[in-house]
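Following: one structure in structure tokens, then a few remarks.
The values are calculated or read from the model by the stated rules, or taken from the named source; none is laboratory data. Since the model is a prediction, treat every value here as computed from it, not as a measurement. Positions of Cβ are generated from backbone atoms using ideal geometry, with glycine treated the same way; all protein chains shown enter the neighbour counts. We work out accessible area using only protein heavy atoms, side chains counted, and drop any ligands, DNA or RNA first. Shrake-Rupley method; radii C 1.70, N 1.55, O 1.52, S 1.80 Å.
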Amino acid sequence: MNIRKARKEDLRVCLDIDHRDNEYYWKPQDLENSVEDQHAIFLVAEEEQKVIGYIIGFIVPTKRAEAMIHVTRVDIPERKRGIGKKLVDDFCKEAFKRGADIVIAEIVPELLGFYRDVCGLEEKGNWIAVGKGREAQ
Ligand SMILES: CC(C)(COP(=O)(O)OP(=O)(O)OC[C@H]1O[C@@H](n2cnc3c(N)ncnc32)[C@H](O)[C@@H]1OP(=O)(O)O)[C@@H](O)C(=O)NCCC(=O)NCCS
């Protein structure tokens, strides 16, 4: 299994991985932007020339010592083989190479088992995510 930078021809497969998991968060344009954006880090896991997982995040453009993981997703039949951990490890390596000092992920509590215990990210502070939708204006 090989982890590499995502290319435009990988986008359809990444969306298919999401849809098999009943996830519709990413729009094709989001992924295309993520391939091109200089602050984005978008990696795929590939095995026998087939993309089986991906990770997307970014170097925070307003605080470049910080990087954020947006989503890690592995195709359902390929889970529990260490692919998720390898994606997170390689994301962190790339972020540190680009000058980040810390990689942060905002996660649901159920994913602590993965990010903390498997990938070694530590719990930091008591942050909670808040947001406002356009319709609330
Ligand atoms: C989370 C995810 C990326 C892990 O990928 P993976 O390739 O299975 O990960 P690894 O093989 O490296 O590690 C597996 C370990 O992670 C932990 N883990 C994985 N998913 C977990 C979950 N939902 N809750 C708790 N622990 C979890 C388990 O300890 C598991 O080890 P086990 O085999 O002993 O049960 C994958 O389950 C996935 O795509 N989930 C759906 C998408 C998602 O929720 N992503 C996170 C949003 S940011």
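Annotation: Cα Rg of region 1-58 relative to the compact-globule expectation 2.2 N^0.38 Å equals 1.04. On the beta carbon distance between E9 and F114, with R0 = 35 Å, the FRET formula returns roughly 0.80. The Cα center of region 103-136 and the Cα center of region 53-76 differ in position by 12 Å. For the chain, the C-alpha radius of gyration divided by 2.2 N^0.38 Å, with N the number of residues, is 1.04.
The lysines whose alpha-carbon is closer than 18 Å to the alpha-carbon of K80, local same-chain residues fewer than 8 away aside, are K50. Report, in listed order, any pair from K63/K93; K27/K93; K8/K63; K27/K124; K85/K132; K8/K132 with a Cα-Cα distance greater than 25 Å. Going by Cα-Cα distance, K27/K93; K8/K63; K27/K124; K85/K132; K8/K132 fall outside the 25 Å limit.
Summarised in one figure, the compactness ratio Rg/Rh of region 51-130, Cα atoms and Kirkwood Rh, is 0.96.
What the Cβ-Cβ distance of W127 and K97 gives, at R0 = 30 Å and to the nearest 0.05, is a FRET efficiency of 0.75. For the set E32, E122, the ranking by accessible area, highest first and with no ligand, DNA or RNA atoms included, is E122, E32 under a 1.4 Å probe.
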